[in-house]
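Since the structure comes first, as structure tokens, the remarks are kept for the end.
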Amino acid sequence: MRDTGQNLSPVSHWVAVVPMRSGSKGLPGKNVRQLAGMPLYQHSVAMAQQAGASMVVLSTDIESVLSDSHPDGVVPLRRPKVFASDRTPMSEVVGHVLSKDAGLGIADSTIVVLLQPTSPLRLPQDIHCGVERLVATDSDLAMSVTEADNCVLKYGRIENGFFVPLSEPEHCFANRQTLPSVMRPNGAIYAFRAGWFRRNGGFETSRIAAVEMPVERSIDVDTIEDFERAEASLLQRREGAA
């Protein structure tokens, strides 16, 4: 892999996985759509390399990505059709990357960082923080989160005609200003060890380390409006760095 001069990782070897499929419904072709001068997915590749990834795996069924030339250390992996539908869980996509069939030789001890291309505003230091949190804590998974509307603590479900609070019953009647803060996953970073994922068979665990990211870097691109907001933010970032 080329030397970016910005290896921020607290470990010497970790692998990034950038998953993308061709059949996006919210915004067709979004993963290869030009965003601020380059395809959406390449923003995640660039950040992974700048953060010090030893290898970046592109899990995809997009023929143009599979046939394109890529920088050293970026490995396109053909995703089988069985893992390329809009109903395929991300755990199965990652499971294929880590399988013997993929032939990538990723050891159980290797840290893997899932970087979905729909989060183009993350920075190398965000990725670095994910790896660092996984290493420094007794956690199975490090996951990026951002602040959310705490009024969700007032919500509940209807069960047999009764309102059942999602959180503590007293939250349903509290003023918003007195409610505790709430964080939500933003989809930008998931860091874990390959062996744990293989044994666990997915992401589900109660031992999750939080990687806090600001709202302005947490846009998840699903619609053309999201895409335009992300592009405006990237262009503004470039102007600020000029």
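Here are the numbers for the structure shown:
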quantity	calculated
Correct choice for Cα extents along the principal axes in Å that was computed from the model, options (1) 56, 38, 34; (2) 57, 44, 36; (3) 60, 43, 31	(2)
Separation of alpha-carbon centers, the stretch 187-207 and the stretch 57-100, rounded to whole Å	18
The chain, relative contact order [Cα under 8 Å, separation at least 6], %	23
Within the chain: Cβ-based charge dipole about Cα centre, in debye rounded to nearest 20 (Lys, Arg +1; Asp, Glu -1)	400
Projected label distance in nm at residue 81 and residue 237, using a 7 Å step from Cα toward the beta-carbon	3.7
Unit charges on C-beta of K, R, D, E only; dipole of the stretch 92-180, Debye	220
Nitroxide proxy distance, nm - points 7 Å out along Cα→Cβ at residue 199 and residue 181	3.4
Rounded if a/c under 1.5, otherwise prolate or oblate - the stretch 34-74, Cα gyration tensor axes	oblate
Whole-percent carbon and sulfur share, accessible surface of the chain, 1.4 Å	50
Probe 1.4 Å, all protein chains present, accessible-area order of 86, 101, largest first	101, 86
Per residue value of the accessible surface for the chain (all protein chains in place, 1.4 Å probe), Å²	51
Between 0 and 90°, nearest 10: helix 40-50 axis offset from the chain longest Cα axis	80
Karplus 3J(HN,Hα) series, Hz, for the stretch 74-85 with 6.51 cos²θ - 1.76 cosθ + 1.60 (x for Gly, Pro)	9, 10, x, 10, 5, 8, x, 4, 5, 10, 10, 8
Estimated 222 nm signal from helices in the chain, with DSSP H stretches of n ≥ 4 weighted -39500 (n - 2.57), rounded to 500	-7500 deg cm²/dmol
Probe 1.4 Å, all protein chains present, accessible-area order of 43, 128, largest first	128, 43
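The values are calculated or read from the model by the stated rules, or taken from the named source; none is laboratory data. All figures in this text were calculated on a predicted structure; none of them were measured in a lab. Note that we place each Cβ from the backbone using ideal geometry, even for glycine, and neighbour counts take in every protein chain shown. Accessible surface areas use protein heavy atoms only, side chains included; no ligands, DNA or RNA. Shrake-Rupley method; radii C 1.70, N 1.55, O 1.52, S 1.80 Å.
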